[in-house]
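Worksheet: the structure to be examined is printed underneath.
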Amino acid sequence: MKKTLVFALSAFFAANAAFAQKGNMNSAAYQQKAGAAATQAANEATLKKGEPQLKVNKTTTTTSIYDSSVRNKKGTTDSVVVEQSYTNAQGQTTTDGAVYESFTPSKAAVTNENRMEVSVAVGQTYSYNKDSRSDRYASNGMAGNVNMLWHLSPNFALGVDYMALHPSSKTYTRDGETRNYDDIYLHAISLGGKYTLNAWNNWRVYIPMGWGMMNASMKTNSDSLRSSNDKWGTGFYAGLGLQYDITARVFAGLEYRYTYAFISDKDLSSYGRDKDLQYHSAFLRVGMRF
């Protein structure tokens, strides 16, 4: 009886083990493992026969970066070239690239984008005009200027210019007679212009110019007579200036002007020689562009 029971239990466990093994063989993990083993066995078999091993597809990437910078009067262009090369397992190489650029405008270029200019100037003026006795009417005096210009191009601007010249009075005593020249003024309202020779620099050299209406006045008195006259006429100015752009908007500089008024000194004084008025002026100028 005992032998019969032991035999039955052994047969039961053997049947269960066989069923479990069959279930494991049908699973995905078992199949994948078996496939990998079969592939490895096939590779080893081909190597034994002198055949090459099956290749695995691999890709190597090499990246190169090139920087370059080009600067001119308008600004700086920075360029970056990124180049990538791909090589696969079969030795085939593919190269691809991309270019990236950035532009930084110069201060002069940013300044030139601001078209409106307003400036004020103060300085000194004098005149070589002399009376009929070869004496100068005036000594050095004050000068002032305000203008508003519109830049039609980086080199040329046009607008309105106001200038006031006030040479200092002078006194002469000759042959027992005293002559005083007082309150000498010149006011000018002109169509003004400005030509900049190097419009793409921070230090700029320019030529101021203008033509307009001018009014001159003078008071004289002596032991024998007294006069106070003024006269309107046309006139022009021209000169040379040096300007520095402190920022893209603010500038300062020095300017020289020669002013010629078609107004005779004979219309202003009894001692005139019938000569047109002429002035030399030097200004310190500050301004802003918008």
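At a glance:
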{"item": "23 Å Cα-Cα threshold exceeded, pairs from 107/194; 231/275; 130/219; 130/170; 170/266; 194/266", "result": "194/266"}
{"item": "Local electrostatic count at residue 227 - Lys and Arg +1, Asp and Glu -1, tallied over other residues with Cβ under 13 Å", "result": "-1"}
{"item": "Residue 210 long-range amide H proximity, modeled H, under 5 Å", "result": "193, 237"}
{"item": "Rg to Rh quotient for the stretch 110-289, alpha carbon positions, Kirkwood Rh", "result": "1.07"}
{"item": "Extension gain, residue 174 back to residue 224 (0.36 nm per residue minus Cα-Cα distance, nm)", "result": "16.7 nm"}
{"item": "Summed side-chain charge close to residue 206 - residues other than residue 206 whose Cβ falls under 10 Å, Lys, Arg +1, Asp, Glu -1", "result": "+1"}
{"item": "Net charge contributed by nearby residues that have their C-beta within less than 14 Å of residue 180 (K/R +1, D/E -1)", "result": "+1"}
{"item": "For the stretch 236-246, 3J(HN,Hα) per residue [Karplus equation, 6.51 cos²θ - 1.76 cosθ + 1.60, θ = phi - 60°, Hz, x = Gly/Pro]", "result": "9, 9, 7, x, 8, x, 10, 10, 10, 7, 5"}
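Values quoted throughout were computed directly from the atomic coordinates according to the rules given, and no laboratory measurement underlies them. All values derive from a computational prediction rather than experimental measurement. With ideal geometry, Cβ positions are generated from the backbone for all residues, glycine too; neighbour counts draw on all protein chains shown.
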